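Peer 1: Below is a structure I'd like to ask you about.
The values are calculated or read from the model by the stated rules, or taken from the named source; none is laboratory data. Everything quoted here is computed from the prediction, not taken from an experiment. We place every Cβ from the backbone using ideal geometry, glycine too, and count neighbours over all the protein chains shown. Side chains are part of the model used for accessible areas, which takes the heavy atoms of the whole protein and leaves out ligands, DNA and RNA. Shrake-Rupley method; radii C 1.70, N 1.55, O 1.52, S 1.80 Å.
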Amino acid sequence: MNIGINKYLTMLLEQNKVEVLAIALKLKLFMYLEEENIDLEKLLSYLNTNKENTQILLEALAMMDLIKKEKSFYINSSLAKKYFVYNTSSYCGDVFLHRKELSTHSRKVMSKLISEGSAKQALAKNSKLWANASKKSLKQEQKNLISKTVLEIVQEIQDFPKMKKMLDLGCSSGVLGLEIINKYPNLSGVLFDFPDLAEVVKEHISEYNLDNRVKFVGGDIQNDEIGSNYDFIWCSNIFYFFENKDEVLEKIYKALNPNGILISAHVEIGEEKEQYEDSFFYFLGLKLQGRTTFKPMHLSQAFEKVGFRNINSYTTEQFPLTKTQIHIVRK
């Protein structure tokens, strides 16, 4: 047998690992393991599952370094304790389940897209689904996996503490903008996304006690006004969805005050396998739908064309799933 084919045969095993973790999360298994002295019998009393197959599930989770067995008791690994214990402040289980659902849907339609191409009507983002995701999974992702990195990016800007008004454009849950505004007392802001997100984002604004400094504005970024007189605009992973990206960039440029700053966080995909393989497959579904993806330097050139100056661009690996290009540009 040609041993080289195993590289591709073993890819099939990853699907089993994904399913194992999804089942454990849906059972809230890691939450129960936070109790002291949890053995198989006690765990079964919580889960109400088959004894023999639950034992196999636990063995699989141990193989994945998510739990370990000490004598007859089961305990969470440090990573499972941090991210997968249900109802804790750092819980990201819904992020995993949401990403799994998106990936499953993408695989189901992939063959049809390759055969038939992408229909125009299939390209519109479903704002109601986006709103539902923002209640849990996107909120968890922004709060627990992204916000720390965003705050580190912002605090490197020397004159940022003097800024008065910001816009989080395409805010989804709104948490990134709220984290920034919460850190800088002199800053007020607008969180902008589809009108269907109003209830979710306003709830999050109240959770941060920032009703007096933050408002939500609903609209379509491509076609509606986004406001003006901003000192700072943050946007991440939105440019793929516009029919006319340059038109949106011009709108952003006009919305900023002189010397105002735009920070863009988007994925760029080059041709070098070693550097861009994860990014390519992460965006494969979007590419098949006819979405715009960007090659290295594409956005830098677009910012310069619109009129931005002092373009500082770099790559970070601190965002979920794949490398992200940060562009800090000034009007």
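Peer 1: Return the only residue of Leu151, Leu197, Leu191 being assigned to a helix (DSSP H, G or I) and touching a strand residue (DSSP E or B) at 6+ places or on another chain (Cβ under 8 Å).
Peer 2: One residue alone meets the criteria, Leu197.
Peer 1: Shifting gears a bit: Quick one: would you say Glu250 is among the acidic types (Asp, Glu) and touching a residue at least 24 places away in the same chain (Cβ under 8 Å)?
Peer 2: yes
Peer 1: Just to be sure I understand, how many residues within region 203-235 are in a helix (DSSP H, G or I) and within 15 Å of Leu167 (Cα to Cα)?
Peer 2: Going through region 203-235 one residue at a time, the tally reaches 1.
Peer 1: In addition: Assuming Val248 fulfils every condition listed in (1) under 30 Å from Gln140 (Cα atoms); (2) not aromatic (Phe, Trp, Tyr); (3) not in a helix (DSSP H, G or I) apart from one, which condition is it?
Peer 2: Here Val248 meets the rest and fails (3).
Peer 1: Something else now. Please enumerate the residues belonging to region 257-277 that are surrounded by 13 or more Cβ atoms within 10 Å (Cβ to Cβ) and over 24 Å from Ile146 (Cα atoms).
Peer 2: Asn257, the sole residue that qualifies.
Peer 1: Picking from Ile67, Ile23, which residue would you name as being closer than 25 Å to Gln140 by Cβ and either surrounded by fewer than 18 Cβ atoms within 10 Å (Cβ to Cβ) or modelled with pLDDT under 95 (or both)?
Peer 2: Ile23
Peer 1: What do you reckon, is Lys323 surrounded by fewer than 13 Cβ atoms within 10 Å (Cβ to Cβ) and not β-branched (Val, Ile, Thr)?
Peer 2: Criteria not met by Lys323.
Peer 1: Which count do you get for residues in region 1-20 that are open to solvent by less than 70 Å² (accessible area, probe 1.4 Å) and either touching a Lys or Arg at 6+ places or on another chain (Cβ under 8 Å) or not in a loop (DSSP other than H, G, I, E, B) (or both)?
Peer 2: 4
Peer 1: Looking at Lys143 and the list (1) of a type in the set (D, E, K, R); (2) touching a residue at least 40 places away in the same chain (Cβ under 8 Å); (3) assigned to a helix (DSSP H, G or I), which single condition is not satisfied?
Peer 2: In the conditions (1) of a type in the set (D, E, K, R); (2) touching a residue at least 40 places away in the same chain (Cβ under 8 Å); (3) assigned to a helix (DSSP H, G or I), Lys143 misses (2) alone.
Peer 1: What number goes with the only condition from (1) more than 30 Å from Ser111 (Cα to Cα); (2) free of Cβ contacts under 8 Å to residues at least 60 places away in the same chain; (3) among the aromatic types (Phe, Trp, Tyr) that Phe242 does not pass?
Peer 2: (1)
Peer 1: Also, quick follow-up: Starting from residues that are at pLDDT 75 or above and among the hydrophobic types (A, V, I, L, M, F, W, C), keep the ones in region 105-128 and report whichever is surrounded by the most Cβ atoms within 10 Å (Cβ to Cβ).
Peer 2: Leu113
Peer 1: Hey, can you tell me all the residues within region 278-312 that are open to solvent by less than 80 Å² (accessible area, probe 1.4 Å), farther than 29 Å from Gly117 by Cβ and assigned to a helix (DSSP H, G or I)?
Peer 2: Within region 278-312, Ser300, Phe303, Val306 qualify.
Peer 1: Would it be correct to say that Arg330 is open to solvent by 30 Å² or more (accessible area, probe 1.4 Å), in contact (Cβ under 8 Å) with a residue 60 or more places away in the chain and out of contact with any Pro (no Cβ under 9 Å at 6 or more places or on another chain)?
Peer 2: yes
Peer 1: I need every pair where a residue in region 176-193 that is under 18 Å from Lys135 (Cβ atoms) has its Cβ under 6 Å from the Cβ of a residue that is among the aromatic types (Phe, Trp, Tyr) and in a strand (DSSP E or B), sequence separation at least 6 or different chains.
Peer 2: Leu191/Phe216
Peer 1: Now, a different point. Of the residues that make up region 158-172, is at least one in a helix (DSSP H, G or I), without any contact (Cβ under 8 Å) to a residue 24 or more places away in the chain and open to solvent by 30 Å² or more (accessible area, probe 1.4 Å)?
Peer 2: Scanning region 158-172 turns up no residue that is in a helix (DSSP H, G or I), without any contact (Cβ under 8 Å) to a residue 24 or more places away in the chain and open to solvent by 30 Å² or more (accessible area, probe 1.4 Å).
Conditions (1) of a type in the set (Phe, Trp, Tyr); (2) under 32 Å from the mean Cα position of the chain (by Cα); (3) not assigned by TED's automatic domain parsing to the domain that holds Lys135, marked per residue:
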{"site": "Leu25", "(1), (2), (3)": "no, yes, yes"}
{"site": "Leu40", "(1), (2), (3)": "no, no, yes"}
{"site": "Thr49", "(1), (2), (3)": "no, no, yes"}
{"site": "Ala60", "(1), (2), (3)": "no, yes, yes"}
{"site": "Leu66", "(1), (2), (3)": "no, yes, yes"}
{"site": "Ser72", "(1), (2), (3)": "no, no, yes"}
{"site": "Lys81", "(1), (2), (3)": "no, yes, yes"}
{"site": "Phe84", "(1), (2), (3)": "yes, yes, yes"}
